[in-house]
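**Q** Would you mind keeping the following structure in view while I ask a few things?
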Amino acid sequence: MTSRKIMVRMGIIMKNKECMNCGSTNFHRITNGCKCDYCGTFYPDFESSRQEKPSIDYTNRKNIKPNIIIMISITLSVIMLLIVFLVLKSNEESTPQSISTDITQLKANDKFPGKWTKGIYENVVVATKYYDANNEKYSFENGASYEELEKLVGKPDSVTTWEEEDYGMPPRATATWNKNKDNEYAGNSVTITYNKNTLMITDKSHY
Ligand SMILES: [Zn+2]
């Protein structure tokens with residue numbers, strides 16, 4: 001097997017048209033190469049043999065590398081964005097759920113103040129409380145919206161608020177309804193506690 005080095009050298013010789021063996025400058029063409037007219041040394045056709053080999057396309061190689069780099073960059077960017085999104089999402093307080101306004105349920109009533117009915121009271125979904133030991137804070141999820149509740153039952157008769165976080169609890173308010181439609185004490189009351197930041201209902205009670 002002729003090594004590439006020799007092939008290259010032969011190419012140079014053939015270019016100079018001088019036989020490596022005898023120095024003759026006369027050749028005749030045969031299949032796949034040339035033969036020296038004098039000593040008969042065979043020179044494989046350097047040009048054609050090179051063309052027959054599957055050539056390494058350097059232009060493609062150059063194209064593949066930047067493509068891989070771009071792909072990796074895009075993948076990394078997507079992963080980074082996902083992480084940022086998840087971190088932001090975990091820090092963000094979850095938003096309140098809406099209150100079911102099924103009329104038959106809302107009309108059911110027994111001894112509730114003002115516009116309150118048994119149905120409304122039962123439909124008020126209280127948030128699930130989670131305690132995060134890492135930051136010693138409570139968080140609330142899937143509670144109903146206090147804003148929506150006020151639209152159903154009107155403003156409370158009294159409100160107590162905790163403007164500051166304490167014992168890991170977020171700033172919150174407790175709203176109480178204890179009067180009937182004629183603004184007289186109803187003899188019963190509903191108390192709703194909600195997160196002051198998110199307006200999510202975190203507790204309820206009825207006496
Ligand atoms: Zn020769």
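The values are calculated or read from the model by the stated rules, or taken from the named source; none is laboratory data. For clarity, every value in this text was computed on a predicted model and none was experimentally measured. No Cβ is skipped: glycine too gets one built from the backbone with ideal geometry, and neighbour counts run over all protein chains shown. Surface areas here come from the heavy atoms of the whole protein model, side chains and all, with no ligands, DNA or RNA. Shrake-Rupley method; radii C 1.70, N 1.55, O 1.52, S 1.80 Å.
**Q** Could you list, in sequence order, the residues of the stretch 164-184 that are touching a strand residue (DSSP E or B) at 6+ places or on another chain (Cβ under 8 Å) and either aliphatic (A, V, I, L, M) or outside any loop (DSSP other than H, G, I, E, B) (or both)?
**A** Step one: list which residues in the stretch 164-184 are touching a strand residue (DSSP E or B) at 6+ places or on another chain (Cβ under 8 Å), which gives 165, 168-180.
Selection gives Met169, Arg172, Ala173, Thr174, Ala175, Thr176, Trp177, Asn178, Lys179.
**Q** Check whether at least one residue in the stretch 138-154 is farther than 20 Å from Thr95 by Cβ, of a type in the set (Gly, Ala, Ser) and modelled with pLDDT under 95, and report yes or no.
**A** Step one: of the stretch 138-154, the residues farther than 20 Å from Thr95 by Cβ are 153-154.
Narrowing further to those that are of a type in the set (Gly, Ala, Ser): 154.
Keeping just the survivors that are modelled with pLDDT under 95 gives 154.
Yes - at least one qualifying residue is present in the stretch 138-154.
**Q** Looking only at residues in the stretch 164-187 that are hydrophobic (A, V, I, L, M, F, W, C) and open to solvent by 20 Å² or more (accessible area, probe 1.4 Å), which one is farthest from Asn197 (Cα to Cα)? Walk me through it before giving the result.
**A** Taking the stretch 164-187 first, the residues hydrophobic (A, V, I, L, M, F, W, C) are 169, 173, 175, 177, 186.
Those left that are additionally open to solvent by 20 Å² or more (accessible area, probe 1.4 Å): 169, 186.
On the way: Met169: 12, Ala186: 30 Å.
If we take residues in the stretch 164-187 being hydrophobic (A, V, I, L, M, F, W, C) and open to solvent by 20 Å² or more (accessible area, probe 1.4 Å), then Ala186 is farthest from Asn197 (Cα to Cα).
**Q** Among the listed residues Pro44, Pro66, Pro54, identify the single one that is modelled with pLDDT of 70 or more and more than 16 Å from the ligand (Cβ to nearest atom). Let's see the steps before the verdict.
**A** Values: Pro44 fails: more than 16 Å from the ligand (Cβ to nearest atom); Pro54 fails: modelled with pLDDT of 70 or more.
Just one listed residue meets the conditions, Pro66.
**Q** Now for a separate question. Among the residues of the stretch 143-163 satisfying the criterion of being open to solvent by less than 60 Å² (accessible area, probe 1.4 Å), of a type outside the set (A, V, I, L, M) and assigned to a helix (DSSP H, G or I), which is nearest to Trp177 (Cα to Cα)?
**A** The selected residue is Glu150.
**Q** Determine which single condition Val125 fails, assuming it passes every other condition in (1) part of a helix (DSSP H, G or I); (2) modelled with pLDDT of 90 or more.
**A** Exception for Val125: condition (1).
**Q** Could you say whether any residue in the stretch 179-200 is in contact with a Leu (Cβ under 7 Å, 6 or more places away or on another chain) and under 21 Å from Thr95 (Cα atoms)?
**A** Keep residues of the stretch 179-200 that are in contact with a Leu (Cβ under 7 Å, 6 or more places away or on another chain), which gives 192.
From what is left, the residues that are under 21 Å from Thr95 (Cα atoms) are 192.
Yes, the stretch 179-200 has at least one match.
**Q** Being open to solvent by 20 Å² or more (accessible area, probe 1.4 Å) and aromatic (Phe, Trp, Tyr) is the filter; apply it to the stretch 112-129 and report the residue that is nearest to Asn188 (Cα to Cα).
**A** So, considering only residues that are open to solvent by 20 Å² or more (accessible area, probe 1.4 Å) and aromatic (Phe, Trp, Tyr), the one nearest to Asn188 (Cα to Cα) is Phe112.
**Q** In this structure, is Asn109 at pLDDT 85 or above and loosely packed, with under 15 Cβ neighbours inside 10 Å?
**A** Answer is no for this residue.
**Q** Return the residues of the stretch 172-187 that are of a type outside the set (Lys, Arg) and modelled with pLDDT under 90; say none if nothing qualifies.
**A** Going through the stretch 172-187, the residues of a type outside the set (Lys, Arg) turn out to be 173-178, 180, 182-187.
Selection gives Asn180, Asp182, Asn183, Glu184, Tyr185, Ala186, Gly187.
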